[in-house]
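Encoded as structure tokens, the structure appears first; notes follow it.
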Amino acid sequence: MSAPTYQAAVFGATSSICQETLRAMLRQQPARLLLIGRNAGKLAAVADDLRCRGAECLTLTAPLADFATDWASLLPQHSANRPWDLFLLAHGTMPDQEQALADGNSLAEVLAVNFVSPAVIAAACGAILDRQGHGTLAVIGSVAGDRGRGSNFVYGSAKAGLDTFLAGMRHRFAKRQRIKIVTLKPGMTDSPMTAHLTKGPLFSSADRVGALAWQAIRAGTPVAYLPGWWKLVMTLIRWLPEMVLHRTRL
Amino acid sequence: MTTTTREMHAWGKLRPARATVCTPAWPPAALPGPGPLLAYGLGRSYGDSCLLDGGTMIETRFLDRIRAFDPHTGLLRAEAGISLDAILRFCVPRGWFLPTTPGTALVTLGGAIANDVHGKNHHRSGCIGNHIPAFDLLRSDQPVQTCHAGDALHAATIGGLGLTGLITAAQIQLTPIRSAFLDVELIRFSGLDEFMALSAESAATWEHTVAWIDCIAGGASLGRGIFIRGNWSDRGALTLHRPARLSVPMDLPACTLNRFSVRAFNTLYYRRFCGKTKTLHQHYAPFFYPLDGVGQWNRIYGKRGFYQYQCVTPPAAGTGPMVQILKQIAASGQASFLAVLKTFGHVASPGLLSFPTPGITLALDFADRGARTRELFDRLDAIVRDAGGRLYPAKDARMRADDFPRFYPQLETFRNHLDPSFTSEFWKRMHPH
Ligand SMILES: Cc1cc2nc3c(=O)[nH]c(=O)nc-3n(C[C@H](O)[C@H](O)[C@H](O)COP(=O)(O)OP(=O)(O)OC[C@H]3O[C@@H](n4cnc5c(N)ncnc54)[C@H](O)[C@@H]3O)c2cc1C
Ligand SMILES: NC(=O)c1ccc[n+]([C@@H]2O[C@H](COP(=O)([O-])OP(=O)(O)OC[C@H]3O[C@@H](n4cnc5c(N)ncnc54)[C@H](OP(=O)(O)O)[C@@H]3O)[C@@H](O)[C@H]2O)c1
């Protein structure tokens, strides 16, 4: 069998939404995947699953939230001298907001995992795309970044920062038509991150969100709400005057 | 691993359990806390065998990774929370199918093993436990161990109602298919004797057989129904099923299903084709999973929930007991639509508490109408007991504790393999003291 021609590096590959995105990818095409995460055992389990589904997998264990790793020089060492078609950034964490507000260190960590780390990695990936002249950078943000809300603004503000960072990168690469920067914005998704929440009708399955994420990546959609109806919901929420918003418990 | 306290339901939605629920995203190396503990798959068991009030329930649905697959032999190894639906989405395009399947694919591999589920090909292939060469079991008193066919703990865990520990991963031997379609024949029959004749005639040449039976019709129409038999076809592509498009949005009023609406439905269903037989080239989804197209259909029974009654009566008793059962049900006017009748074959399962034994099995739903419904069940139990039959714990919410050891003679052997930290509402109900 010849080696797959599509190649991707995936950060936070143990995320449930990310696993479903890669499964959707593999339903359409084989791929060579570099799976990056902080836990070797979990990465091995993910690699098993994706290999059965037709991927060629390498794993790389790295503490994503420290900023010492020089990704721009490390990634090419794992590229088998082929270009990267996709960088997918999926790691993130939804904190206990009260705890984060009460403790500076834990607040800083939440911002580091959800904003600083993906921004640092995105910058490195951007440099590689720039050199290659083509490829896609897709990053999982969140609808939570669209408006500061009392219940979830610590996480939300980090995702908002990431959103702006990616919008800026998109602008910077606007004239490079073969380089795509994709911001994925899932709404509430049934995954281990939300296992403690009661599931209402607003929740989507990780399976569905992953399939839609892959569609958006393939199409190079600049900003994709997952599923699409969240775009309408978030537009309404963004338009709510503060006076009205403050009367809600959103 | 996150834990929360919340209400957990079984498919019949009769009495929820309040439990601490933990939902591991990775196969755990140790069990949470001291217990009591119970695994929970997708809650497709009807009664209370998948519930534990006041304990810790380990929800397995995120343990859904395939860990190994041999495309030459069809041997698949996966984590125990993977659904049969997800296995199908993986294996059908590759030309493989489940070795046997229950009437819904929305069950987990672990849950299917714990109830040793059976399907329309029982007379050929036995239960799912006949196709599970090995699994990994995590017990409170031992580290993870692999149990192989032939091991005592393998036999205890297959059909072991989740009481021997947590299955973390399992192997399943898939079966090759050339097409996702079946060649199907529907044959109308007018009573139980005709059903028995069709079953006997079909056993050797048809891989899948089942019958739908009208449990409202009494008198001369007693036991009328439609016999359904199918073989995997050579024609047609390896097309996947689609996810459910429709869903019942809320609990419907309890009166939606009454004897008039059910009678109308059953009559239409019985008359759905002209002539005596009809042949079809049918996709596996409508053939095996007619109800999976509608999400949360258990809401049609309303807030109070419902029972399913499933029993088997042995061949030695003849059709007499089943005729009695059908008469009782018809006279009560309480049956719902879609009662299912099938003959089990002689392939023995390794499972100590496996439900299927040779004979005729009947399964049907009953809305909870209080004492009236329970009294009907008591009358049916008496017939099953006298015939030397048994009830299916996966469907049960009310069987008598003294019937359980009578129905399951290997119960005492099974007890040696119980995990001391595991129990369930069903198990507690069977041990009232
Ligand atoms: C529409 C419909 C049709 C059905 N048709 C059939 C049929 O044709 N034949 C048939 O046999 N059954 C049938 N069933 C019943 C169903 O197949 C079984 O109840 C099945 O076991 C449910 O699986 P689950 O994953 O939902 O498990 P649950 O119902 O959540 O749990 C079932 C049992 O498995 C245990 N368990 C779950 N996961 C594990 C694990 N990882 N390790 C150890 N124990 C575990 C639980 O503790 C519990 O005892 C049907 C059910 C429905 C709703
Ligand atoms: N679930 C939702 O409702 C939802 C909604 C909108 C957006 N999102 C976003 O979607 C992405 C994936 O989330 P998910 O729902 O798939 O959740 P998940 O399965 O819990 O995945 C979270 C991922 O983040 C990684 N991670 C967490 N903290 C980390 C840290 N300190 N350092 C390095 N990696 C860390 C995890 O790695 P380990 O496996 O090693 O823990 C895991 O890969 C996240 O960016 C999340 O913010 C989720």
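The values are calculated or read from the model by the stated rules, or taken from the named source; none is laboratory data. Quick caveat, the model's predicted, so the values are computed rather than measured. Note that we place each Cβ from the backbone using ideal geometry, even for glycine, and neighbour counts take in every protein chain shown. Side chains are part of the model used for accessible areas, which takes the heavy atoms of the whole protein and leaves out ligands, DNA and RNA. Shrake-Rupley method; radii C 1.70, N 1.55, O 1.52, S 1.80 Å.
Assorted remarks:
- Here the dipole of region A:7-245 is about 1000 debye; that uses its Cα centre as origin and unit charges on the Cβ of Lys and Arg (positive) and Asp and Glu (negative).
- Cα gyration tensor shape for region A:159-250, rounded if a/c is under 1.5, else prolate or oblate: oblate
- Estimated FRET transfer efficiency (A:Ala167, B:Lys303; beta-carbon r; R0 60 Å; 0.05): 0.80
- Surface composition of region B:66-177: carbon and sulfur atoms hold 53% of the protein heavy-atom accessible area at a 1.4 Å probe.
- Rounded, prolate or oblate (a/c below 1.5 giving rounded, otherwise prolate when a/b exceeds b/c) for region A:7-245 by Cα gyration tensor: rounded
- Here the scattering of region B:181-398 is modelled by Debye summation over its C-alpha atoms, one equal scatterer each and no solvent; at q = 0.07, 0.10, 0.16 Å⁻¹ the log10 of I(q)/I(0) is -0.22, -0.47, -1.26.
- Counting only aspartates and glutamates at least 8 places from B:Lys342 when in the same chain, those with an alpha carbon closer than 15 Å to its own are B:Asp193, B:Glu194, B:Glu201, B:Glu207, B:Asp214.
- Within 10 Å of each Cβ in B:147-158, the average number of Cβ atoms from other chains: 0
- DSSP finds beta bridges in chain B, and of those with both partners inside it, around 85 percent are antiparallel.
- Three-way shape label, region B:391-433, alpha-carbon gyration tensor, a/c 1.5: oblate
- For the residue pairs A:Lys185/B:Lys13; A:Lys159/B:Lys303; A:Lys231/B:Lys303; B:Lys327/B:Lys395, the alpha carbons lie more than 32 Å apart in A:Lys185/B:Lys13; A:Lys159/B:Lys303; A:Lys231/B:Lys303.
- Checking every one of the trypsin sites (Lys or Arg not before Pro) in region B:172-266 against DSSP loop status and a limit of 13 other Cβ atoms within 10 Å picks out B:Arg178, B:Arg235, B:Arg245.
- Taken one residue at a time, the phi angles of region B:259-273 give Karplus couplings (6.51, -1.76, 1.60, θ = phi - 60°) of 5, 6, 5, 5, 4, 4, 4, 4, 5, 4, 5, 5, 9, 6, 9 Hz. Gly and Pro are set to x.
- Theoretical ellipticity at 222 nm over chain B - DSSP helices of four or more residues, -39500 (n - 2.57) apiece, nearest 500: -6000 deg cm²/dmol
- Taking every residue in A:45-53 and counting other chain Cβ atoms within 10 Å of its Cβ, the average works out to 6.
- Mean-square fluctuations from a GNM of chain B, with a 10 angstrom spring cutoff on Cα atoms, peak among B:Ala394, B:Ala68, B:Ala105 at B:Ala68.
- Of A:Thr164, A:Ile140, A:Gly150, farthest towards positive along the dipole that unit charges on Lys, Arg, Asp, Glu beta carbons give region A:115-201: A:Thr164
- The mean of 1/r over all pairs of different alpha-carbon atoms in chain B, once inverted, gives a Kirkwood hydrodynamic radius of 22.0 Å.
- Of the residues B:Phe227, B:Phe404, B:Phe195, the one that moves most in a GNM of chain B with alpha-carbon contacts below 10 Å is B:Phe404.
- Under the convention that each Lys and Arg Cβ holds +1 and each Asp and Glu Cβ holds -1, the size of the dipole of region B:66-177 around its Cα centre is about 320 debye.
- Listed residues B:Leu88, B:Gly33, B:Pro321: farthest to the positive end of the dipole of the protein assembly as shown (Cβ charges): B:Leu88
- 10 Å Cβ neighbours from other chains, averaged over peptide B:19-26: 3
- Gyration tensor analysis over the Cα atoms of region B:317-366 returns equivalent ellipsoid semi-axes of 25, 13, 8 Å (largest first, whole Å).
- Placing unit charges on the Cβ atoms of the charged side chains and taking the dipole of the protein assembly as shown about its Cα centre, the candidate lying farthest along the positive direction among B:Trp206, B:Ile66, A:Cys57 is B:Trp206.
- Cα→Cβ-extended label distance, 7 Å offset, between B:Leu252 and A:Ala3, nm: 5.8 nm
- Bins of 5 Å from zero: percent of alpha-carbon pairs in region B:66-177: 2, 13, 25, 27, 19, 9, 4, 1, 0
- Nearest 10 degrees, 0 to 90: helix A:206-219 Cα axis against chain A principal axis: 60 degrees
- Our estimate of slack between A:Ala123 and A:Ala80, defined as 0.36 nm per intervening residue step minus the Cα-Cα distance, is 13.3 nm.
- Antiparallel content of DSSP bridges confined to the protein assembly as shown, in %, to 5: 60 percent
- Hypothetical label at B:Ala382: residues of region B:321-353 whose amide nitrogen lies under 20 Å (7 Å Cα-Cβ projection): B:321-335
- Lys, Arg +1 and Asp, Glu -1 on Cβ, resulting dipole of the protein assembly as shown about Cα centre, debye, nearest 20: 2060 debye
- Put simply, when A:232-239, B:2-9 are sorted by average Cβ atoms within 10 angstrom per residue, most first, you get B:2-9, A:232-239.
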